[in-house]
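The values are calculated or read from the model by the stated rules, or taken from the named source; none is laboratory data. All of these numbers come straight from a predicted model, not from anything done at the bench. Using ideal geometry, Cβ is built from the backbone for each residue, glycine included, and neighbour counts are taken over all protein chains shown.
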Ligand code: FES
């Protein structure tokens, strides 16, 4: 059965840096607040065990802090070597000041 999983409060997000969210209910996530919306990706780089929330956000690209690989946070597609595998992305659902993802997106 599908359910909404609360990720964080909108007010907890920075306009300039990703926010790392950890829970027993989903993998570590990186949440990004851009001018045109909220975007959510897995926080762990697909190239290694780096937290992307500790990386460098430039527009809609997140650069990994370990080896300089990068991803488009809207699509999850890698944009810079050595990242080759896409990052998982999730649809952010905004309700009453909180951000959720659909549990089916974890399947
Ligand atoms: S761990 Fe992210 S680029 Fe290597």
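Residues that are more than 16 Å from the ligand (Cβ to nearest atom), touching a residue at least 24 places away in the same chain (Cβ under 8 Å) and surrounded by fewer than 18 Cβ atoms within 10 Å (Cβ to Cβ) do not occur anywhere in region 39-58.
Scoring residue 8 on the criteria (1) surrounded by 15 or more Cβ atoms within 10 Å (Cβ to Cβ); (2) within 16 Å of the ligand (Cβ to nearest atom) leaves a single failure, condition (2).
Applying the criterion of at least 1 residues that are on the phi > 0 side of the Ramachandran plot to the strands (runs of 3 or more DSSP E) found wholly in region 5-107 leaves 37-42.
Within region 82-94, residues that are closer than 22 Å to residue 38 by Cα and at pLDDT 95 or above reach partners that are away from the ligand (no atom under 16 Å from the Cβ) and in a loop (DSSP other than H, G, I, E, B) with beta carbons closer than 7 Å, at six or more positions or on different chains, in the pairs 89/75.
In this structure, residue 62 qualifies as touching a helix residue (DSSP H, G or I) at 6+ places or on another chain (Cβ under 7 Å) and within 15 Å of residue 30 (Cβ to Cβ).
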